[in-house]
Amino acid sequence: MRTTLFSLTALVTLALAPGCGEPPKLSPARDILGTWRTAFPVTFYAETDWCDGTTMQLMLTQKRVITWDITDDSASGDDNAVSITQNWTDSDTTYVQLCLNDTGVTPDVRPMFLKGTINGAYLTVKKGTEVFGEFSFTTSNMEGNWSARSCPFACQRIYTVEREFKMNKVD
């Protein structure tokens, strides 16, 4: 009885200790640093509320070949942090509709500087506090979804369809 009471007291003490309520982040399962490129052009969809100021509508699609240069960002104080420089070439822009002779889509800035957090074999990509993507990765492959929302003039969302964003490590 005394042993059971001691064990229960020890468990409660450990559970209430500072920093114990949150599971630790997992370190990278594989080396993610280096250059990654989409295996084929990925279709990005752009929707805005340009037409009426309230309803998001698909305005255009565009093929992009994306390159990420991923570097260590542990100087930020987080051993699971990386910096991502994203660049791309685009082609096959198709205008789905126009309102007032425009799409209302504000072009993405190139290069785009992003931050990433690694948790095991998963990478969360952010710009500021907004999550732009969730990706799973192996030693040489990565795939996930991209969804970036902003409201520079009209609100817009640039996104890919489920798991079409696939990359290969090139170095």
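The numbers here are math on the coordinates, done by the rules we state, and not lab data. For clarity, every value in this text was computed on a predicted model and none was experimentally measured. Here the Cβ positions follow ideal geometry from the backbone for every residue, glycine too, while neighbour counts run over all protein chains shown.
Based on what the data block shows, is SER91 exposed (fewer than 13 other Cβ atoms within 10 Å of the Cβ) and among the small types (Gly, Ala, Ser)? Break it down into steps so the answer makes sense when it comes.
Numbers: exposed (fewer than 13 other Cβ atoms within 10 Å of the Cβ): yes; among the small types (Gly, Ala, Ser): yes.
Against the criterion (exposed (fewer than 13 other Cβ atoms within 10 Å of the Cβ) and among the small types (Gly, Ala, Ser)), SER91 qualifies.
Given the conditions (1) closer than 26 Å to THR35 by Cα; (2) touching a Cys at 6+ places or on another chain (Cβ under 6 Å); (3) of a type outside the set (A, V, I, L, M, F, W, C), and given that ASP49 satisfies all but one, which numbered condition is not satisfied?
It is condition (1) that ASP49 fails.
Are there any strands (runs of 3 or more DSSP E) wholly within the stretch 64-159 with 2 or more residues that are touching a Phe, Trp or Tyr at 6+ places or on another chain (Cβ under 6 Å), and if so which? Step through it out loud before you land on a result.
Numbers: elements: 81-95, 112-119, 122-127, 130-137, 141-150, 156-159.
Passing ranges, in order: 81-95, 122-127, 130-137, 141-150, 156-159.
What are the residues in the stretch 94-111 that are crowded, with 17+ Cβ neighbours inside 10 Å and within 28 Å of ILE32 (Cα to Cα), if any?
Within the stretch 94-111, ASP108 is the sole residue that qualifies.
Take the stretch 61-86 and flag every residue that is over 26 Å from ILE158 (Cα atoms) and either among the polar types (S, T, N, Q) or under 15 Å from the mean Cα position of the chain (by Cα) (or both).
SER74, SER76, ASN80
Would you confirm whether or not the stretch 155-170 contains a residue that is exposed (fewer than 13 other Cβ atoms within 10 Å of the Cβ), closer than 23 Å to THR35 by Cβ and among the β-branched types (Val, Ile, Thr)?
Yes, the stretch 155-170 contains at least one residue that is exposed (fewer than 13 other Cβ atoms within 10 Å of the Cβ), closer than 23 Å to THR35 by Cβ and among the β-branched types (Val, Ile, Thr).
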